[in-house]
Amino acid sequence: VQLQASGGGLVQPGGFLKLSCAASGIIFEINAMGWYRQAPGKQRELVATIASGSKTNYADSVKGRFTISKDNDKNTVYLQMNSLKSEDTAVYYCHAQRAMKYDYWGQGTQVTVSS
């Protein structure tokens with residue numbers, strides 16, 4: 001499975017961004033996709049996930065502001081990020097799990113929230 005993430009950038013506090021992650025390769029056994037982030041000096045943390053049955057899970061810090069969705073026809077997962085805060089600044093990584101045991105990571109995309 002290859003994951004290609006895009007959509008990061010610089011945005012002011014209160015602004016919005018939308019991240020995309022396109023999956024290719026052996027995708028028919030993917031059971032979940034999601035986004036993680038890692039800020040400088042911190043561990044990588046879960047942001048949001050979406051399972052093959054469309055069940056979603058969010059970190060408490062982004063609930064009500066971020067929305068994860070997917071387009072099965074395009075094998076793409078999205079992360080709509082609204083009301084961005086400075087503490088959302090991080091490198092965001094796309095993640096996919098295949099067959100309930102194999103983990104794949106995208107290359108990371110920088111999100112910077114600053115005035």
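The values are calculated or read from the model by the stated rules, or taken from the named source; none is laboratory data. Quantities reported herein were computed from a predicted structural model and do not represent experimental measurements. Methodologically, a virtual Cβ is constructed for each residue, glycine included, from the backbone with ideal geometry; neighbour enumeration extends over all protein chains shown. These area figures cover heavy atoms from the full protein model, side chains too; ligands, DNA and RNA do not enter into them. Shrake-Rupley method; radii C 1.70, N 1.55, O 1.52, S 1.80 Å.
Rounded, prolate or oblate: which fits the chain, taking a ≥ b ≥ c as square roots of the Cα gyration tensor eigenvalues, rounded meaning a/c under 1.5, else prolate when a/b beats b/c? Don't skip to the answer; put the middle values down first.
Details: a/c = 1.84, a/b = 1.73, b/c = 1.06.
In terms of gyration-tensor shape, prolate.
Projected over all directions and averaged, the alpha-carbon convex hull of segment 47-93 occupies 3.6 nm². Length gained on full extension, S52 to S24: 8.5 nm, using 0.36 nm per residue less the C-alpha separation.
Between K101, K18, K63, the Gaussian network model of the chain with springs among Cα atoms under 10 angstrom shows the greatest mean-square fluctuation at K101. Accessible area ranking (1.4 Å probe, heavy atoms, ligands and nucleic acids excluded), largest first, for V91, V77: V91, V77.
Dipole magnitude for the chain: about 80 debye, using +1 per Lys or Arg Cβ and -1 per Asp or Glu Cβ, origin at the Cα centre.
Beta bridges per DSSP, both residues in the chain: antiparallel share near 95 percent. Taken per residue, the accessible surface of segment 28-115 reaches 55 Å², heavy atoms only and a 1.4 Å probe.
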